[in-house]
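*Asks:* The structure's right below; bear with me while I get my questions together.
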Amino acid sequence: MMRPIILIEKKHYLYSILVIILFLILIGRFFYLQIYKRSFYFEASERNRIREIVIEPPRGVILDRKGEVLVDNRPSYSIYAIPFEVKKADSVLKLAAQIMNMTPAEVKSIIRREASGYFYPVKLKRQIDFETFVRIEEQKLDLPGIIYQSEPRRSYPAGVRAPHVFGYLGEINKDELTKPEYKGFRLGDVVGKKGLERVYEKELRGLRGYQYVEVDAFGREIQRLKDKPEVPAFPGKNLHLTMDADLQRCIEARMDTLRGGAVVVDCKTGGVLALVSKPDYDPEIFTKPVPADLWRSMVNDPGKPLYDRMVQSLYPPGSTYKIVLAAAALENGIIHPGWKNFCPGYLSFGKKTFDCWKQGGHGELDLIGAIEQSCNVYFYKLGLRTGLDTWATYSRQFLFGQPTDIDLIDEKAGNVPDRAYFDRVFGKDRWPKGLVLNLAIGQGDLLVTPLQMARLAMIVANEGVYYPFHLLDYLEDPADGKRQYARIDSVYIKGISPATYQIIKQGMYLVVHGPAGTARAASYGDIKVAGKTGTAQNPHGEPHAWFIGFAPFENPQIAFCILIENGGSGGRVAAPIAREIIKTYFYGAEKGHAQI
Amino acid sequence: MLRFSEVKISNDDYTILAITFLLLLVGLVAIYSASYQVETPELRANFPHQLIWALIGSIFMIITILIPTSFYYIASYWLYGLSILFLIITLLSGSDSPVSRWIDIGPFRFQPSEFAKIAVILALARFLSNEKRNLEKIKDIAIAFGIAFLPFTLVAKQPNLGTAIVFLGILLPVIYWAGLPTFYLFIVIIPFVVMVASFNFYTFFLAMVMIIILLLLFRRGLAISLPIVLLNIAVGVITPLLWNQLHVYQKHRILTFLGLEIDPKGSGYQVIQSKVAIGSGGLFGKGLFNGTQTQLRFLPAQHTDFVFSVIGEETGFVGSIFVIILFLLLLLRSIQIASKVRNQFGSLVVLGAVTILGFHIIVNIGMTVGMMPVTGLPLPFLSYGGSFLIVCMILIGLIINASIRRYKY
């Protein structure tokens, strides 16, 4: 039935050898994986099981000089869904979608797109409003798997807008991620985008903490890791500003319908007391994701609300700049203070006639009188005598063409035209000599920022001493209350004698207090104010109205610059705002408000 | 049933029994480790279930040993017919679901494809051990192929390609053992080698040179050798041409069918996690019940197809090699038994059993370390699952059965 075996004895060796070879290959593979590549796979298994939980430190708040909180944090809530829980019942998604004003299909597609594990919460909606929050909380029992988590969000409790100063937060973009300062950041992180939020990002942010938990394959947390201790978070530092909230609020309210702005600085420190640029935007807008159409409308708004006019815009300074020419002429002995000139209302130069702003002329004026009444003809002549080179040298002496290096971003440097500049524009020595007449009254190619004009006011007030502008007074560590002051070194403007300052200040005093002064509206109460108006011609319509100055006259505490785009006469439009500033700063907000 | 006069127990038989129970033990520990922490009660029941299956399997093994070899010889074709019938019933009954692998008999459900493995071994052994067989004749070779191809086709249609390929895997080792001339084996294997080699000119050239050298060694004369050479050149030329005619999705389908295309989200993930588990085990492992991949359930199918990854992670290189060597010893001893059994039928049954076990072991372990495609073949004695465990125990029973009666013709 069964026949005896007839196989070749050697065959079983062949089979055995084949099996041994295959097994040796397997053993080799195990050696490769478990011995040679052990650390590689071990790390991979650690990455699998360890989840790093980021503990976001609270962001530093921003306070004014008196400790009033200007920019605060408030909890805001985002809604999340846990896919595993939500999938159990359709009714949950339906109800949640209805509360959030979304369709169930939308919610489902978000979960499908974003889910990275059954137990990882998926963010459904950022920063829900209070009403939604209450409804979610009320119907908690019907919403298993729908959770909310708080996220820090900025609030502006003081009623100070100053959006250009504070800036705003936003999600980090790909460009920023490549920069060294954002090392360690991840896409979706919220960082300062503009203003102080951006400049002091590092200080405000604090240090992230980390918790390590063990998770399983479904993303469920199993336990805290014992072998990897928690790294605590350090809260961000608070920014104490030099800003005076009362003054800032007052100017913001006063200039609300205007286009322009004002800057007020502390003469003794360089600390910025108020920095207003109008039109602006409500800082609340950026505390939640900005809808695309709103963003577009802000970008395209002809009023350019996103621009900080005090820092980022350049203007011809107009007559305010006569101060610089006066100083240049006095210092070079081109005139003595008593030098007089007759103003018939115009000056003929070559084939052209240059007008004074006052038809019929000012008659005979000395330098102080010319400053008081802002006589163009006087300064035309002064310009011709002084010449472009000296004018340019003294412009630079007063730091024009240089940014103030205030702690904001995108500050402009301006332009001081000189021989080299005109040679470049017109060709060597081919430029009309009459240009200097325009420059003499602050017109032409001379461009300045309002900040630079405030700096000029401060230099004159302090008779040469200048403190670099800054918004930050000190950083405060909320943990131990330690303060960290920025080092502010005073700068002395060389080459201008006290006598020269005295004459200029005299003129500026008369601008406000003299019988024929152009800015008599600027004074308030007992405070003696010195200033200079400007009415700068420009191609965009009405002239820009300027007013720069300082107060009190005897012992200057504040310097300021006010600009109203296309506002008309500086004396008529800008000077009354100075009065508001003086009133608020020296007499207090309450009284100031009461008298508006 | 058991006549002791016929029986001669050798050391080999004890060795095989010992290894089998050692492996069962290893498997139970691994399954316990893979499921004791799980919340779902069904999964936690894996360990007690497998324990029961192991007991039932042992009883099946003993019964298999006790039944005389001649009974299997007589019953082989019947069993074969029965298993084919079951496979057809499985296909028909499960027509409402896309995958039909199970049959319910009373409270039990079993996989007919598992028992077909035994039936095919017996049928092949009986057919090939018949003294009228002449494996130089095409007809007999064709019938032997047919015996394996029929269940292959039925199981592949379920569809369960992984298991189906086992039937083909048995074929060549068994038929060669039975006396297929080496030259025929050569002719059958060569076109497939050429197909793979034909995608690169140098490998193709090398393959052809090897073929010519081997043909010269076989000394079959030009009339047979030349057509073989020409045929293989034709295969080598046509394969790349045909391949390039195919659409991308067709290529993808063929590669997937052959198990060569790794789907990155499905089986790719499994293999990566399995490699991470094994590799992170290092020399001595993370300790029993301490494997993070296992305990935190990063390992897919960790109690069934990827049970070896649990061993690799928790007991490391030392533990893995220990188990691998147990498997190796089992196979080598069994091959030796196959060569010692004096009757052709018994010898072929043993060799068939060895082939099935070896095929599963190499493909499964190879899969856990990313050397083999993910086919869904379980690991003998270790993987969770009743039908397959019982089949493996029966195979051991058949080996010992033939071994202790090796002098009986």
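The values are calculated or read from the model by the stated rules, or taken from the named source; none is laboratory data. Predicted, not measured: the structure shown is a model, and the values here were computed from it. Cβ sites come from the backbone with ideal geometry, for glycine too, and all protein chains shown count toward neighbours. Surface areas here come from the heavy atoms of the whole protein model, side chains and all, with no ligands, DNA or RNA. Shrake-Rupley method; radii C 1.70, N 1.55, O 1.52, S 1.80 Å.
*Asks:* Mind checking whether some residue in the stretch A:418-433 is under 23 Å from A:Leu241 (Cα atoms) and not in a helix (DSSP H, G or I)?
*Replies:* Checked against the condition, which is being under 23 Å from A:Leu241 (Cα atoms) and not in a helix (DSSP H, G or I), the stretch A:418-433 yields no hits at all.
*Asks:* Which condition does B:Ser280 not pass, out of (1) outside any helix (DSSP H, G or I); (2) within 8 Å of chain A (Cβ to nearest Cβ); (3) at pLDDT 90 or above, if it passes all the others?
*Replies:* Just one mismatch for B:Ser280, condition (1).
*Asks:* Of the residues B:Gly397, B:Gly376, which is of a type in the set (Gly, Ala, Ser), open to solvent by less than 10 Å² (accessible area, probe 1.4 Å) and more than 8 Å from chain A (Cβ to nearest Cβ)? Please lay out each step first, then the result.
*Replies:* Details: B:Gly376 fails: open to solvent by less than 10 Å² (accessible area, probe 1.4 Å).
Just a single option satisfies the conditions, and that option is B:Gly397.
*Asks:* While we're looking at this one, here's another question. Can you say whether A:Asp418 is closer than 20 Å to A:Tyr307 by Cα, in contact (Cβ under 8 Å) with a residue 24 or more places away in the chain and open to solvent by less than 40 Å² (accessible area, probe 1.4 Å), as far as the supplied structure shows?
*Replies:* Against the criterion (closer than 20 Å to A:Tyr307 by Cα, in contact (Cβ under 8 Å) with a residue 24 or more places away in the chain and open to solvent by less than 40 Å² (accessible area, probe 1.4 Å)), A:Asp418 does not qualify.
*Asks:* While we're on this one: With outside any helix (DSSP H, G or I) and either modelled with pLDDT of 95 or more or over 18 Å from B:Asn11 (Cα atoms) (or both) as the only criterion, which of B:Gly376, B:Gly358 stands out?
*Replies:* On the way: B:Gly358 fails: outside any helix (DSSP H, G or I).
Residue meeting the stated conditions: B:Gly376.
*Asks:* On the basis of being farther than 29 Å from B:Asn134 by Cα, β-branched (Val, Ile, Thr), within 23 Å of the chain's Cα centre (by Cα) and open to solvent by less than 90 Å² (accessible area, probe 1.4 Å), does B:Thr203 make the cut?
*Replies:* When the stated conditions are applied, B:Thr203 does not pass them.
*Asks:* Turning to a different aspect of this structure: Quick check on my filter: what residues within the stretch B:142-178 are part of a helix (DSSP H, G or I), within 14 Å of chain A (Cβ to nearest Cβ) and touching a residue at least 60 places away in the same chain (Cβ under 8 Å)?
*Replies:* B:Gly169, B:Ile170, B:Pro173, B:Val174, B:Trp177
*Asks:* Give the number of residues within the stretch A:39-63 that are within 11 Å of another protein chain (Cβ to nearest Cβ), of a type in the set (Gly, Ala, Ser) and either in contact with a helix residue (DSSP H, G or I) (Cβ under 8 Å, 6 or more places away or on another chain) or in contact (Cβ under 8 Å) with a residue 24 or more places away in the chain (or both).
*Replies:* Going through the stretch A:39-63 one residue at a time, the tally reaches 2.
*Asks:* Among the helices (runs of 4 or more DSSP H) lying completely within the stretch A:150-213, list those that include at least 2 residues that are modelled with pLDDT of 90 or more and open to solvent by less than 30 Å² (accessible area, probe 1.4 Å).
*Replies:* Result: A:163-166, A:195-199, A:201-205.
*Asks:* Return the pair list, or none, for Cβ contacts closer than 6 Å from residues in the stretch A:336-364 that are open to solvent by 80 Å² or more (accessible area, probe 1.4 Å) to residues that are of a type in the set (S, T, N, Q), at least 6 apart or on different chains.
*Replies:* Partner pairs satisfying both residue conditions: A:Tyr346/A:Thr353; A:Trp357/A:Asn376.
*Asks:* Pull up the stretch A:20-53, narrow it to residues that are among the β-branched types (Val, Ile, Thr) and assigned to a helix (DSSP H, G or I), then point me to the one that is surrounded by the fewest Cβ atoms within 10 Å (Cβ to Cβ).
*Replies:* Start the filter on the stretch A:20-53 by keeping residues that are among the β-branched types (Val, Ile, Thr), which leaves A:20-21, A:25, A:27, A:35, A:50, A:53.
In the following step, the residues that additionally are assigned to a helix (DSSP H, G or I) were identified as A:20-21, A:25, A:27, A:35.
Working: A:Ile20: 13, A:Ile21: 9, A:Ile25: 12, A:Ile27: 16, A:Ile35: 13.
Across the stretch A:20-53, the extreme among qualifying residues is A:Ile21.
*Asks:* Name, by its number, the condition in (1) within 17 Å of the chain's Cα centre (by Cα); (2) not polar (S, T, N, Q); (3) not in a helix (DSSP H, G or I) that does not hold for B:Gly370.
*Replies:* Of everything listed in (1) within 17 Å of the chain's Cα centre (by Cα); (2) not polar (S, T, N, Q); (3) not in a helix (DSSP H, G or I), B:Gly370 misses just condition (1).
*Asks:* Can you tell me which condition A:Tyr36 does not meet? The list is (1) among the aromatic types (Phe, Trp, Tyr); (2) closer than 30 Å to B:Gly279 by Cα; (3) touching a residue at least 40 places away in the same chain (Cβ under 8 Å), and all the others hold.
*Replies:* A:Tyr36 satisfies all of (1) among the aromatic types (Phe, Trp, Tyr); (2) closer than 30 Å to B:Gly279 by Cα; (3) touching a residue at least 40 places away in the same chain (Cβ under 8 Å) except (3).
*Asks:* Hey, another quick one. List the number of the failed condition for A:Lys226; all other conditions in (1) within 14 Å of chain B (Cβ to nearest Cβ); (2) buried (at least 19 other Cβ atoms within 10 Å of the Cβ); (3) not small (Gly, Ala, Ser) hold.
*Replies:* (2)
*Asks:* Please tell me if B:Ile84 is surrounded by 22 or more Cβ atoms within 10 Å (Cβ to Cβ), within 24 Å of B:Asn130 (Cα to Cα), at pLDDT 90 or above and not small (Gly, Ala, Ser).
*Replies:* No.
Conditions tested, residue by residue: (1) facing chain A (nearest Cβ under 7 Å); (2) of a type outside the set (A, V, I, L, M); (3) surrounded by fewer than 24 Cβ atoms within 10 Å (Cβ to Cβ); (4) touching a residue at least 12 places away in the same chain (Cβ under 8 Å).
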| residue | (1), (2), (3), (4) |
| --- | --- |
| B:Val271 | no, no, yes, yes |
| B:Ser274 | no, yes, no, yes |
| B:Lys286 | no, yes, yes, yes |
| B:Gly291 | no, yes, no, yes |
| B:Arg297 | yes, yes, yes, yes |
| B:Phe306 | no, yes, no, yes |
| B:Phe327 | no, yes, no, yes |
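*Asks:* Also: Please name all residue pairs, on different chains or six or more residues apart, with Cβ atoms under 6 Å, provided the first residue is in the stretch A:209-228 and is among the small types (Gly, Ala, Ser) and the second residue is at pLDDT 75 or above and not in a loop (DSSP other than H, G, I, E, B).
*Replies:* A:Gly209/A:Ile55; A:Gly209/A:Val231
*Asks:* Can you tell me which residues in the stretch A:381-406 are within 30 Å of A:Gly192 (Cβ to Cβ), touching a residue at least 60 places away in the same chain (Cβ under 8 Å) and surrounded by fewer than 20 Cβ atoms within 10 Å (Cβ to Cβ)?
*Replies:* A:Leu399, A:Asp405
*Asks:* Also, I was wondering about something else. Could you tell me which residue of the stretch B:329-362 is surrounded by the fewest Cβ atoms within 10 Å (Cβ to Cβ), considering only residues that are β-branched (Val, Ile, Thr) and facing another protein chain (nearest Cβ under 10 Å)?
*Replies:* Initially, the stretch B:329-362 is screened for residues β-branched (Val, Ile, Thr), giving B:335, B:337, B:341, B:349-350, B:354-356, B:361-362.
Okay, now just the ones that are also facing another protein chain (nearest Cβ under 10 Å), so B:335, B:337, B:341, B:354-355, B:361-362.
Values: B:Ile335: 25, B:Ile337: 27, B:Val341: 26, B:Val354: 28, B:Thr355: 25, B:Ile361: 26, B:Ile362: 21.
Within the stretch B:329-362, the match that is surrounded by the fewest Cβ atoms within 10 Å (Cβ to Cβ) is B:Ile362.
*Asks:* Out of curiosity, is A:Glu68 under 30 Å from A:Lys226 (Cβ atoms), open to solvent by 50 Å² or more (accessible area, probe 1.4 Å) and at pLDDT 85 or above?
*Replies:* no
*Asks:* Let me ask something additional. So B:Val188 ticks every box in (1) assigned to a helix (DSSP H, G or I); (2) open to solvent by 60 Å² or more (accessible area, probe 1.4 Å); (3) modelled with pLDDT under 85 but one. Which box is left unticked?
*Replies:* In the conditions (1) assigned to a helix (DSSP H, G or I); (2) open to solvent by 60 Å² or more (accessible area, probe 1.4 Å); (3) modelled with pLDDT under 85, B:Val188 misses (2) alone.
*Asks:* Moving on. Taking the stretch A:1-19 on its own, how many of its residues are modelled with pLDDT of 90 or more and either at the interface with another protein chain (Cβ under 7 Å from one of its Cβ atoms) or open to solvent by less than 50 Å² (accessible area, probe 1.4 Å) (or both)?
*Replies:* Within the stretch A:1-19, residues that are modelled with pLDDT of 90 or more and either at the interface with another protein chain (Cβ under 7 Å from one of its Cβ atoms) or open to solvent by less than 50 Å² (accessible area, probe 1.4 Å) (or both) number 3.
*Asks:* Among the residues of the stretch A:267-280, are any open to solvent by 60 Å² or more (accessible area, probe 1.4 Å) and without any contact (Cβ under 8 Å) to a residue 40 or more places away in the chain? Reasoning before the result, please.
*Replies:* At the first step, the residues of the stretch A:267-280 found to be open to solvent by 60 Å² or more (accessible area, probe 1.4 Å) are A:268.
Next, from what is left, pick out any that are without any contact (Cβ under 8 Å) to a residue 40 or more places away in the chain: none.
The answer is no; no qualifying residue exists.
*Asks:* List every residue pair whose Cβ atoms sit under 8 Å apart, with the two residues 6 or more apart in sequence or on different chains, where the first one lies in the stretch A:96-120 and is within 15 Å of A:Gln139 (Cβ to Cβ) and outside any helix (DSSP H, G or I) and the second, anywhere, is modelled with pLDDT of 80 or more and open to solvent by 40 Å² or more (accessible area, probe 1.4 Å).
*Replies:* A:Met100/A:Lys125
*Asks:* Tell me the residue from B:Ile67, B:Ile56, B:Ile31 that is surrounded by 19 or more Cβ atoms within 10 Å (Cβ to Cβ), β-branched (Val, Ile, Thr) and more than 14 Å from every other protein chain (Cβ to nearest Cβ), please. Spell out the reasoning first.
*Replies:* On the way: B:Ile67 fails: surrounded by 19 or more Cβ atoms within 10 Å (Cβ to Cβ); B:Ile56 fails: surrounded by 19 or more Cβ atoms within 10 Å (Cβ to Cβ).
Residue meeting the stated conditions: B:Ile31.
*Asks:* It is to be established whether one or more residues within the stretch A:80-93 are aliphatic (A, V, I, L, M), surrounded by 13 or more Cβ atoms within 10 Å (Cβ to Cβ) and within 14 Å of another protein chain (Cβ to nearest Cβ).
*Replies:* No, that holds for no residue.
*Asks:* Quick one: would you say B:Ser95 is of a type in the set (Gly, Ala, Ser), at pLDDT 85 or above and in a helix (DSSP H, G or I)?
*Replies:* The answer is no for B:Ser95.
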